[in-house]
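Colleague: Quick one: the structure is below, and I'll ask about it shortly.
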Amino acid sequence: MGLLTTRTKAGDQMSADRTHDQAPDGEHRGGLRVKRGLAEMLKGGVIMDVVTPEQAKVAEEAGAVAVMALERVPADIRREGGVARMSDVSLIKGIMAVVTIPVMAKARIGHLVEAQVLEALGVDYVDESEVLTPADEENHIDKWAFTVPFVCGARDLGEALRRIGEGAAMVRTKGEAGTGNVVEAVRHMRAVLGGVRRLQALRHDELMAEAKRLGAPYELVVEVAETGKLPVVNFSAGGIATPADAALMMQLGADGNFVGSGIFKSDDPLGYAKAIVAATTYFDKPDVIADVSAGLGKAMRGLDVASLPKEELLATRGW
Amino acid sequence: MLALQGDVREHLAAFDQAGAEALPVRTADEILSVHALALPGGESSTLSRLIRIFGLEAPLRHRLAGGMPTFSTCAGTILLSRAILDGTVDQLALGALDLRTRRNGYGRQVDSFECDLDVPVLGSASFRAIFIRAPVIEGCGPGVEMLAAHEGRPVAVRQGRHLSFTFHPEMTGDLRLHRLFLDGVGELLESDAPLPAEGSVA
């Protein structure tokens, strides 16, 4: 717990990293502020799943703040089944070569070597993702050991704080990826932010019991209770398919949106991408959302999450 | 505070702590009504796109031509530059700063860093600077004053009423640069000099 304490205090990021030496002017790479800081810069933006360099260009043109380089979007992973792994290295490189915005890529939960490979490639963020088939059903990656920052999925506050305790520099809701159904993203966003609000109402002497109940590091529980917010940026993900979905997640308190299958499984990817970007910025202006939603054609076909067999749910991967 | 995308919240908090009345602006009318404008860190290509599709380019150019003071960090500095290298096709360069600026000039996120900077205009105590996928200023016009440099290249500059940085003073809790800007705006508002023009675009 001692180690965790020094590593989670924002002012102590100097002692937070094992692997990075400092130059005489205090020059320092891979510290907490730099890792969490990139996510701060992405706030209010949309991060889009892309499977080809051409799609990455479309996303950039539409105003995406970053792209997630993937071999298959979640909707196809869901349909085709099999083991879903880190994307092909040449594909990721091809996407990195054609866009100027940050490029993210996914590693399997617990697959530290996939993450090392992604870091070596120079991707800007690693998503330790339940959309891929987990490599470890017990442990997540020790994200403090990396210079590259990580984003992780969460269904509630306890899960978000466990990932932050492991070094995640950004969190997102898990939602239920590849369904085009926003219901799980809404559930998870309300659970995370409702959890934050509940902590603020507790007395200090109640926080240890609450940390036990949440299964979350005590120091982070205290920090959230005191500041009233998560220590890292919190995006929504997993089922956002329309401009109105994107704005809904922002009104519920998301810092930004990941959109996966929703864009390139729609009738008009560029149109949907632009409209979702605009709806994320002007999330509280229904007239703007109405404007950008007009004439877009069909959204991706959605799935009823309740009808999915338990073993097909992605959100229950990881803990 | 231009609030289309980026680390708007951090800037608002910093200006608030420094004693200013800071508010987010996202529409043409709002841009036309403020005394000074801060442009945040974010993705400059995204900001460029949003400014264009929501008709904010004309009001921004109008206010900049009228002498509106600006405070800009990272992506904001790119937007205000005269020339942008490694930008997207047609990326907006508002040209208020006589700078030639290269996007992601240090490399990718794994090359992001923080360091101590000497900023003589703030006195002898160094300033902790956080560079995140930061741009590099590769050329400055004669009217640009360099306030701080890193490895021989300017990272903090002043040009008339504009204060611009390639790093993120809003992320450190050190408010000295925000205060420097607010002092300048305060003097301008109190002086007899014509106020930065408010009003509609002709």
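Listed here are the residues, each with its yes/no results for (1) outside any helix (DSSP H, G or I); (2) basic (Lys, Arg); (3) under 23 Å from residue A:235 (Cα atoms).
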site	(1), (2), (3)
A:54	no, no, no
A:57	no, yes, yes
A:67	yes, no, yes
A:72	yes, yes, yes
A:77	no, no, yes
A:95	no, no, yes
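Colleague: Further question on the same structure: Within region B:172-202, take every residue that is of a type in the set (D, E, K, R) and in a helix (DSSP H, G or I) and give me the one that is modelled with the lowest pLDDT.
Modeller: Out of the qualifying residues, it is B:190.
Colleague: Additional query: Do we have residue A:167 as within 18 Å of residue B:113 (Cα to Cα), in a loop (DSSP other than H, G, I, E, B) and of a type in the set (Gly, Ala, Ser) here?
Modeller: Yes, satisfied.
Colleague: From the residues in region A:60-104 that are among the β-branched types (Val, Ile, Thr) and touching a strand residue (DSSP E or B) at 6+ places or on another chain (Cβ under 7 Å), which one is modelled with the lowest pLDDT?
Modeller: Restricting to residues being among the β-branched types (Val, Ile, Thr) and touching a strand residue (DSSP E or B) at 6+ places or on another chain (Cβ under 7 Å), the top hit is A:73.
Listed here are the residues, each with its yes/no results for (1) over 23 Å from residue B:185 (Cα atoms); (2) of a type outside the set (Phe, Trp, Tyr); (3) in contact with an Asp or Glu (Cβ under 9 Å, 6 or more places away or on another chain).
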residue: B:43; (1), (2), (3): yes, yes, no
residue: B:59; (1), (2), (3): no, yes, yes
residue: B:66; (1), (2), (3): no, yes, yes
residue: B:73; (1), (2), (3): no, yes, yes
residue: B:96; (1), (2), (3): no, yes, no
residue: B:99; (1), (2), (3): no, yes, yes
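Colleague: Of all residues in region A:126-149 being surrounded by 24 or more Cβ atoms within 10 Å (Cβ to Cβ) and not in a loop (DSSP other than H, G, I, E, B), which is farthest from the other protein chains (Cβ to nearest Cβ)?
Modeller: A:129
Colleague: Same structure, new question: Just checking, which of A:66, A:107 is more than 11 Å from chain B (Cβ to nearest Cβ) and within 24 Å of residue A:240 (Cα to Cα)?
Modeller: A:107
Colleague: Can you tell me which residues in region A:195-225 are closer than 28 Å to residue A:250 by Cβ, small (Gly, Ala, Ser) and surrounded by 13 or more Cβ atoms within 10 Å (Cβ to Cβ)?
Modeller: The answer is A:195, A:216, A:225.
Colleague: Somewhere in region A:166-177, is a residue touching a Gly at 6+ places or on another chain (Cβ under 8 Å), modelled with pLDDT under 95 and hydrophobic (A, V, I, L, M, F, W, C)?
Modeller: yes
Colleague: Being aliphatic (A, V, I, L, M) and farther than 28 Å from residue B:105 by Cα: is that true of residue B:79 here?
Modeller: Spelling it out, it is not the case that residue B:79 is aliphatic (A, V, I, L, M) and farther than 28 Å from residue B:105 by Cα.
Colleague: Another question, if that's okay. What residue, of A:130, A:210, A:137, A:114, is of a type in the set (Asp, Glu), more than 18 Å from residue A:36 (Cα to Cα) and without any contact (Cβ under 8 Å) to a residue 24 or more places away in the chain?
Modeller: Within the list A:130, A:210, A:137, A:114, the selection yields A:210.
Colleague: Residues in region B:57-77 that are outside any helix (DSSP H, G or I) and out of contact with any Ser or Thr (no Cβ under 9 Å at 6 or more places or on another chain): how many?
Modeller: Total meeting the criteria: 4.
Colleague: Take the residues in region A:33-50 that are hydrophobic (A, V, I, L, M, F, W, C) and closer than 14 Å to residue A:273 by Cβ; name whichever of them is nearest to the other protein chains (Cβ to nearest Cβ).
Modeller: Among residues in region A:33-50 that are hydrophobic (A, V, I, L, M, F, W, C) and closer than 14 Å to residue A:273 by Cβ, the one nearest to the other protein chains (Cβ to nearest Cβ) is A:46.
Colleague: Continuing with this model, one more query. Within region B:5-56, how many residues turn out to be assigned to a helix (DSSP H, G or I), within 14 Å of another protein chain (Cβ to nearest Cβ) and closer than 23 Å to residue A:255 by Cβ?
Modeller: 17
Colleague: Related question: How about region B:82-116: which of its residues are farther than 15 Å from residue B:155 by Cα and hydrophobic (A, V, I, L, M, F, W, C)?
Modeller: Selection gives B:83, B:84, B:85, B:89, B:92, B:93, B:94, B:96, B:110.
Colleague: Moving to a separate point now. Could you count how many residues in region B:120-171 are in contact (Cβ under 8 Å) with a residue 60 or more places away in the chain, in a loop (DSSP other than H, G, I, E, B) and closer than 29 Å to residue A:36 by Cα?
Modeller: So the count comes out to 6.
Colleague: Here's a follow-up. Tell me which residues, restricted to region B:95-117, are part of a loop (DSSP other than H, G, I, E, B) and facing chain A (nearest Cβ under 9 Å).
Modeller: B:103, B:104, B:107, B:108, B:112
Colleague: Then there's this: Please go through region B:147-177 and give me each residue that is of a type in the set (A, V, I, L, M, F, W, C) and farther than 15 Å from residue B:76 by Cβ, ordered by number.
Modeller: Within region B:147-177, B:147, B:148, B:149, B:175 qualify.
Colleague: Here's a follow-up. So in region B:118-133, with the set limited to residues that are farther than 24 Å from residue B:43 by Cα and of a type in the set (Gly, Ala, Ser), which one is nearest to the other protein chains (Cβ to nearest Cβ)?
Modeller: Per the stated criteria, the residue is B:126.
Colleague: Restricting the search to region B:1-52, which residues are surrounded by fewer than 23 Cβ atoms within 10 Å (Cβ to Cβ) and basic (Lys, Arg)?
Modeller: B:9, B:26, B:52 - these are the residues of region B:1-52 that are surrounded by fewer than 23 Cβ atoms within 10 Å (Cβ to Cβ) and basic (Lys, Arg).
Colleague: Go through A:237, A:273 for me and flag whichever is within 14 Å of chain B (Cβ to nearest Cβ) and closer than 21 Å to residue A:75 by Cβ.
Modeller: Unique residue meeting the criteria: A:273.
Okay, residues lined up against (1) within 18 Å of the chain's Cα centre (by Cα); (2) in a loop (DSSP other than H, G, I, E, B):
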| site | (1), (2) |
| --- | --- |
| A:185 | yes, no |
| A:193 | yes, no |
| A:205 | no, no |
| A:241 | yes, yes |
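Colleague: Are any of the residues in region B:78-94 of a type outside the set (Lys, Arg), within 10 Å of another protein chain (Cβ to nearest Cβ) and in a helix (DSSP H, G or I)?
Modeller: For region B:78-94, residues of a type outside the set (Lys, Arg), within 10 Å of another protein chain (Cβ to nearest Cβ) and in a helix (DSSP H, G or I): absent.
Colleague: Based on this model, can you work out whether residue A:292 counts as within 14 Å of chain B (Cβ to nearest Cβ), among the β-branched types (Val, Ile, Thr) and in a helix (DSSP H, G or I)?
Modeller: It is true that residue A:292 is within 14 Å of chain B (Cβ to nearest Cβ), among the β-branched types (Val, Ile, Thr) and in a helix (DSSP H, G or I).
The values are calculated or read from the model by the stated rules, or taken from the named source; none is laboratory data. As the structure is a computational prediction, the values presented were derived from the model and not from experiment. Don't worry about glycine lacking a Cβ; one is built from the backbone with ideal geometry, like all the others, and counts go over all protein chains shown.
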